[in-house]
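Report on the following structure.
We did not get these values from a lab; they are worked out from the coordinates using the rules stated. Keep in mind that what you see is a predicted model, and the values were worked out from it rather than measured. With ideal geometry, Cβ positions are generated from the backbone for all residues, glycine too; neighbour counts draw on all protein chains shown.
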Amino acid sequence: MDKVARAAMLALDLRMERSAVLAANIANKDTPGYTPLELKFSNTLSDALDGRSRGSGLSAPDEGLAILGDPKHGRGEVVFDPGRVPGEDGNSVDLDREINRQIDNAIAYQATTKIIKKKQGFISYALSGK
């Protein structure tokens with residue numbers, strides 16, 4: 001598998017992880033004391049492209065109340081979303097912002113799947129010998 005295909009496949013995995021983190025933020029919009037999270041993966045993606053491997057597993061924040069998915073499958077770094085002002089109950093989830101981030105993530109996921117489909121189309125064409 002070439003560098004572009006590896007990067008696209010890793011990007012899909014990371015986009016799915018980010019979607020789960022953002023969904024947890026949305027689901028916990030009414031949980032007292034909940035601090036929204038963000039999945040950062042640009043360093044993970046650039047390391048993979050450069051041939052450096054990172055340890056698997058989500059790197060969870062050190063403190064605060066948060067809900068994460070299964071950490072065995074992750075490769076990104078989960079961090080508290082800075083700059084959010086908590087409400088009276090200590091919750092700092094901004095629903096509109098989280099939905100916009102989820103939409104942005106979904107668009108990037110769709111773009112990555114198109115890259116993979118194009119790559120597969122080129123390979124199929126080359127193998128067909130036309």
Highest mean first, what order results for 20-26, 89-95 on Cβ atoms within 10 Å?
20-26, 89-95
Between LYS114 and LYS40, what is the label-to-label distance in nm when each label sits 7 Å out along the Cα-to-Cβ direction?
2.9
Short version: ³J(HN,Hα) in whole Hz for each residue of the stretch 22-34, in order, from phi by Karplus 6.51 cos²θ - 1.76 cosθ + 1.60 (θ = phi - 60°), x for Gly and Pro, what are they?
5, 5, 5, 4, 5, 5, 9, 5, 10, 7, x, x, 6
Give me the net charge of ASP89's neighbourhood, meaning all other residues with Cβ under 15 Å from the Cβ of ASP89; Lys, Arg count +1, Asp, Glu -1.
-1
Cut-off under 5 Å, modelled amide H: who pairs with ASN91 long-range:
GLY33, TYR34
Determine, from the Cβ-Cβ distance of TYR125 and MET9 and an R0 of 25 Å, the FRET efficiency 1/(1 + (r/R0)^6), rounded to the nearest 0.05.
0.80
